[in-house]
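Enquirer: Got a structure here, written out as C-alpha cells. Questions coming.
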Amino acid sequence: MKLSVYCSGSIAKGASDTGKLTWSDTERMEVAKGAAPHEVVFLNPDDPITDPHNTLGQFGRDMYQVMVATAVIVDARERRGLGIGVEMAAAGTFGTPVIVVAPPNSKYRADTLEYRGVTVHDYVHPHVAALSAAIADDFLAAGEELARIVDANALPGLSHVPGWLGRAIDEYRDNVLGADLPMLEALRQLDLIPG
C-alpha cells in the first residue's frame, strides 16, 4: 500500500536557522524503513513553489498536502513555531493523524519536569499531546507508528473543512497546483491523478 507523509518541520527559515534540525534524506529513509512493507511518498512543504508572492496559495499548498497525506509526521526534536501548530490543528480538522517525533528529554518531552509548581513525570507538552495520535522517540519509530495506524485501519477520515482552510486550498488548487511539479509527481505516485 502507498502511504503519504507530510514532512512537518522541514523548512529552515534562513541564516538564523542554519543549525536547526530539519528533515533530510536520513529522516525520510528511517520513516520509510519503519513503515515497510508500505511504500511512502513524502510531501515536502520545502519544495519550491511557482509563485512565492501568492501567500494564500502557498499556505493552501501546505494545507492541501496535510489534507491528502495519510499522516503528518512532525519533527519536534527542537523548538518549532506557529506554522507547525497550524499544520497539526489542520490535520485534526481533516482527520489526518499526527505523529510527533519528540525524543526523550527534548523541548516537548521530559522524563521529569517542574511545571506550574509541581513535578510532572513522563511530561509531553500539552499542545503536542492533545493534537497527536502518537509520540515517537525517533523517525524509525514514527514510521512504525504510521504502519500500525494504517494496518489497524485507524484513519479517522475527513471532517468539515472551515472556510479559512477551504479558501486557501481552493486558491492552491485553482491557481498553483497545475504548475507545482513536485506535488503533481507525488499525486501521480499516489495514483490520485492519472500518470
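The values are calculated or read from the model by the stated rules, or taken from the named source; none is laboratory data. Not measured: the values here are computed from a predicted model. Cβ placement follows ideal geometry from the backbone for every residue including glycine, while neighbour counts extend to all protein chains displayed. We work out accessible area using only protein heavy atoms, side chains counted, and drop any ligands, DNA or RNA first. Shrake-Rupley method; radii C 1.70, N 1.55, O 1.52, S 1.80 Å.
Enquirer: If ligands, DNA and RNA are left out, what is the accessible area of Ile135 with a 1.4 Å probe, given in Å² to the nearest 10?
Expert: Using a 1.4 Å probe on the heavy atoms, I get roughly 60 Å².
Enquirer: Between the DSSP loop rule and a limit of at most 13 other Cβ atoms within 10 Å, which trypsin sites (Lys or Arg not before Pro) in region 55-146 are left?
Expert: Those that pass, being in a loop and sparsely packed, are Arg79, Arg116.
Enquirer: Rounded to the nearest 0.05, what FRET efficiency is calculated for Ser24 and Arg167 with R0 set to 35 Å and r the Cβ-Cβ distance?
Expert: 0.60
Enquirer: Mean 1/r over all different Cα pairs, inverted: what Kirkwood radius does the chain give, in Å? Please list the in-between numbers first.
Expert: Details: mean 1/r = 0.0580 Å⁻¹.
Over the chain, the inverse of the mean reciprocal pair distance is 17.2 Å.
Enquirer: Relative contact order of the chain, please, whole-number percent, based on alpha carbon pairs below 8 angstrom and at least 6 residues apart. Mind dumping the intermediate values first?
Expert: On the way: 338 pairs, mean separation 53.7, N = 195.
Reported as a whole number, the value is 28 percent.
Enquirer: Now, a different point. What is the sum of charges, Lys and Arg at +1 and Asp and Glu at -1, for the other residues whose Cβ falls under 14 Å from the Cβ of Leu3?
Expert: Local charge sum for Leu3: -1.
Enquirer: Separate question: Count the net charge of all other residues whose Cβ sits under 14 Å from the Cβ of Ala35, scoring Lys and Arg as +1 and Asp and Glu as -1.
Expert: -3
Enquirer: Now for a separate question. Within a Cβ distance under 15 Å of Gly57, other residues only, what is the Lys/Arg minus Asp/Glu net charge?
Expert: Overall, the nearby charge balance is -4.
Enquirer: What is the spin-label model distance, in nm, from Asp174 to Val86 if the labels are put 7 Å beyond Cα along the C-beta direction?
Expert: That separation, rounded to one decimal, is 1.9 nm.
Enquirer: With just the Cα atoms defining each centre, how far is region 60-84 from region 120-195? Give it in Å.
Expert: Answer, in whole Å: 7.
Enquirer: So, with +1 on the Cβ of K and R and -1 on the Cβ of D and E, and no other charges, what is the size of the charge dipole of the chain about its Cα centre, to the nearest 20 debye?
Expert: 340
Enquirer: Could I ask something else about it? Which percent, to the nearest 5, of DSSP beta bridges fully inside the chain are antiparallel?
Expert: 30
Enquirer: Hey, another quick one. What number comes out for accessible area per residue over the chain if the probe is 1.4 Å? Units Å², please.
Expert: Values: 9940 Å² over 195 residues.
With all protein chains present, the chain gives 51 Å² per residue.
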